[in-house]
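Everything on this sheet refers to the single structure shown next.
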Amino acid sequence: LGLNKTNWQVRDLKIDVNSAARTNITGSDIAISVNGGSNVMISNVHIITGTPSNSYGIRLGRNVTRPSNVSIKNCVIDVVENGFNGIAVTAGKDIYIKDNIINNPYSDTGFAIDVEANEASDLSDETYRINNIYVENNICNGNGIGCIGAANPNNGNAFILNNTINYANSNETLGQIPVMYSDKGVLLIEWEIDGERYFNHYMYGMPGYSLD
């Protein structure tokens, strides 16, 4: 889906890039591409990216002009294995990326959200720049947020605020269970993810249990 006009809305739908029979896909594989244009809202969209290694959920870039006043809110983006970036911004002005969930646990080089003015080396042409971008209250599962090129004086005002990043294969402390060092016991642990229940157990104590 390509957008390069003014006053567009994309909302309340699901885009599964892999649902159609496609062969010989080369180059970038993008579910929603915003190249130029202004006053664009993308809201409540569920995207499943394609399988090529350079695939994106949503990509904002330049086509003669840069996109402006673009809002991406309340979307869910699943980056499948071999995918790249969930949301990528390579040029734009007044961009708002808020309250989204991006799942990107597979990519070693991509990000859940990538802010990267990489289409021109000096950015002397303002249509290549990124100015006034707000990345706020997003949940990034897998790789986090990349902000590349912010040191260039032609870019400006990138606000990365109150985002939650859950890296793949990492540990997160959810709480504490008070036990004495000399106690012995077994903890039965249960949790739920996406409606699926999981179980594990942990044996504790000093000296340890004898399994003989």
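The values are calculated or read from the model by the stated rules, or taken from the named source; none is laboratory data. What you see is a predicted model; the values in this text were computed from it and never measured. Ligands, DNA and RNA are excluded from the accessible area calculation, which covers all protein heavy atoms including side chains. Shrake-Rupley method; radii C 1.70, N 1.55, O 1.52, S 1.80 Å.
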- prompt: Considering only protein heavy atoms, what is the solvent-accessible area of Trp191 at a probe of 1.4 Å, reported in Å² to the nearest 10?
  reply: 100
- prompt: Top to bottom by accessible area (1.4 Å), largest first, where do Ile48, Ile160 land?
  reply: Ile160, Ile48
- prompt: Rounded to the nearest 5, what % of the DSSP beta bridges within segment 34-99 are antiparallel ones?
  reply: 5
- prompt: Under a 1.4 angstrom probe, counting protein chains only, how are Ile15, Ile113 ranked by accessible area, largest first?
  reply: Ile15, Ile113
query: Given H placed 1.01 Å from N in the peptide plane, which residues other than close sequence neighbours of Phe84 have an amide H under 5 Å from its amide H?
result: Ser55
